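The values are calculated or read from the model by the stated rules, or taken from the named source; none is laboratory data. Here the structure is a predicted model, which is why all the values come from computation and not from measurement. Here the Cβ positions follow ideal geometry from the backbone for every residue, glycine too, while neighbour counts run over all protein chains shown. Ligands, DNA and RNA are excluded from the accessible area calculation, which covers all protein heavy atoms including side chains. Shrake-Rupley method; radii C 1.70, N 1.55, O 1.52, S 1.80 Å.
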Amino acid sequence: MHSAQPGIMEPIPPLARYLIFSLNAASDPRRVLAALAENVDGDEIVVGLGQSLILALGGNIAGLRTFPPHVGPGLEAPATHGALWCWLRGADRGELIHRARGIERIVSPVFRLEKTIDAFRYGSGLDLTGYEDGTENPKGEDAVAAAIVESRNRPLAGSSFVAVQQWVHSLDQFEAMTAEEQDFTIGRHKSDNEEIGDAPPSAHIKRTAQESFEPAAFVLRRSMPWADETREGLVFVAFGKSFDAFEVLLNRMMGAEDGIADALFRFTHPISGGYFWCPPIDAGRLDLSVLGL
Ligand code: HEM
């Protein structure tokens, strides 16, 4: 029985560590990936494979592609890719560090660690601006329908496609706005999370209203705030049964439809962008059978 990596469906954890690896082109990743699969339950660690890795395995995952760089008037959403993406979910920072070291030991030197990002839950699940993030996520069966490839679609049943972007906030710029400007940027009141019906069309939730697309563009967002010594922002993570919903959402945010850019860009911008395929779980381990592993 193939099922989705359970961490995808669960609420975000108190703490997380993201690891992005590139592939050492001279190496054969098969043995290492098989070892990794034994150590991934999809809950404490959610794993995604990038297109370069699938090609190195001689495989083909229908629907997987590389992240297309998006540009809009004065705006860029860069593509940075990655061969292997690991989302370590937990509640203890020390334990996460040891788990990350364990993963690195398994996959090195075939994979090279390119980037580590430490992330955390803020309050009840807020972005660092103080706005609740995830309110309009589909729930229950709707979440499964949005995020997971359906069971009759063999051999990909139970898998998911994830779009990941690291956004850097300028909280100084955000805090310089009046309370009304902030609310109009998001399209909700910070005080009670109520939607603002007459928010400007640039408001983030006007740009991304999932039901306003044809077909509706539902994604399952599992984003988490991040911070290092000097900067902070959001690791935006959206799981989908394909990348289509994410792409139409980002296109409209960039102003590609009507020239209106998402007001979010007034205080934040993405510095990375990658697409990954998240294999299903079978018997408590990552199922890579579609890749012959
Ligand atoms: C720094 C970047 C971002 C921040 C701080 C942010 C924050 C938020 C907040 C506060 C909400 C309102 C509450 C909710 O429904 O979750 C929201 C809604 C939403 N966001 Fe974002 N977001 C960001 C980037 C993105 C990106 C890149 C996408 C997709 C390409 C996206 C898609 C959505 C969607 C689909 C909704 C729900 C809209 C609806 O149907 O009402 N967001 N976001």
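Rolling a 1.4 angstrom probe over the chain with all protein chains present gives an accessible area of which 51% lies on carbon and sulfur atoms. When each of the peptides 152-164, 109-121, 169-181 is scored by the mean number of other C-beta atoms lying within 10 Å of its residues, the order from highest to lowest reads 152-164, 109-121, 169-181. Candidates PRO69, THR135, GLN51 compared by Cα position along the dipole of the chain: farthest toward the positive end lies GLN51, with charges placed on Cβ. Sorting the segments 249-256, 272-279 by their mean number of nearby beta carbons within 10 angstrom, highest to lowest, gives 272-279, 249-256. Its relative contact order, with pairs defined as Cα atoms under 8 Å and 6+ residues apart, puts the chain at 31 percent. Amide H contacts of ILE148: LYS241, each under 5 Å away and 5 or more positions distant or on a separate chain (H built 1.01 Å from N in the peptide plane; Pro and chain starts excluded). Each residue of the range 281-293 is assigned a 3J(HN,Hα), and the resulting list reads 10, 9, 6, x, 9, 5, 9, 10, 4, 5, 9, x, 10 Hz, derived from the Karplus form 6.51 cos²θ - 1.76 cosθ + 1.60 (θ = phi - 60°), x at Gly and Pro. In this structure, the amide hydrogen of ILE196, modeled 1.01 Å from its nitrogen in the peptide plane, lies closer than 5 angstrom to those of ARG188, HIS189, counting only residues at least 5 positions away or on a different chain. Computed from Cα atoms, the angle from the helix 93-107 axis to the main principal axis of the chain rounds to 50 degrees. Remark: the range 105-164 carries a charge dipole of roughly 500 debye about the Cα centre, counting +1 on each Lys and Arg Cβ and -1 on each Asp and Glu Cβ. Charges were assigned to the Cβ only: +1 to each Lys and Arg, -1 to each Asp and Glu. The resulting dipole of the chain about its Cα centre is roughly 1300 debye.
Of interest is the spacing of the C-alpha centroids, which for the range 120-164 and the range 220-261 amounts to 13 Å.
The lysines within cross-link reach of LYS206, meaning a Cα-to-Cα straight distance under 27 Å and a gap of 8 or more places when in the same chain, are LYS139, LYS190, LYS241.
With every protein chain kept in place and ligands, DNA and RNA left out, what is the accessible area per residue of the range 139-179? Probe 1.4 Å, answer in Å².
Accessible area per residue, the range 139-179: 51 Å².
Note on the range 214-277: Cα-Cα pairs beyond 15 Å make up 60% of the total pair count.
Backbone phi angles across the range 218-224, fed through the Karplus curve with coefficients 6.51, -1.76 and 1.60 (θ = phi - 60°), yield HN-Hα couplings of 7, 10, 9, 8, 10, 6, 9 Hz in residue order; Gly and Pro are listed as x.
Amide H contacts under 5 Å for GLY255: ASP262, restricted to partners 5 or more places along the chain or on a different chain, H placed in the peptide plane at 1.01 Å from N.
The residue list SER27, TRP87, ALA216 was ranked by how far each Cα lies along the charge dipole of the chain toward its positive end, using unit charges on Cβ atoms, and SER27 comes out on top. Taking Cα centre as origin and charging only the Cβ of basic (Lys, Arg, +1) and acidic (Asp, Glu, -1) residues, the dipole magnitude of the range 60-139 rounds to 420 debye. On a per residue basis, the range 210-293 carries 39 Å² of accessible surface, using protein heavy atoms and a 1.4 Å probe.
Give me the percent of Cα-Cα pairs in the range 131-191 that sit more than 13 Å apart, rounded to a whole number. Roughly 75 percent, once rounded to a whole number. In this entry, the range 117-221 is assigned a mean projected area of 8.7 nm², taken as a quarter of its C-alpha convex hull surface. In the range 1-118, the inverse of the mean reciprocal separation of distinct Cα atoms equals 15.5 Å; this is its Kirkwood hydrodynamic radius. Convex hull volume of the Cα atoms of the range 55-192, normalised per residue: 189 Å³. What are the ³J(HN,Hα) couplings of the range 188-199, residue after residue, when phi is run through the Karplus curve with 6.51, -1.76, 1.60 and θ = phi - 60°? Round to Hz, x for glycine and proline. Running phi through 6.51 cos²θ - 1.76 cosθ + 1.60 with θ = phi - 60° gives 9, 7, 4, 4, 10, 6, 6, 5, 9, x, 9, 5 Hz. What the Cα convex hull of the chain gives, in volume per residue, is 130 Å³.
Is the shape of the range 145-293 rounded, prolate or oblate, going by the alpha carbon gyration tensor and its root eigenvalues a ≥ b ≥ c, with a/c under 1.5 for rounded and a/b larger than b/c for prolate? Prolate. Dipole orientation for the chain: of the candidates GLY259, PHE276, VAL144, PHE276 has the Cα lying most toward the positive pole (charges on Cβ; Lys, Arg +1; Asp, Glu -1). Helix-only arithmetic for the chain: the sum of -39500 (n - 2.57) across DSSP H runs with n ≥ 4, divided by the residue total, places the mean residue ellipticity at 222 nm at -6000 deg cm²/dmol.
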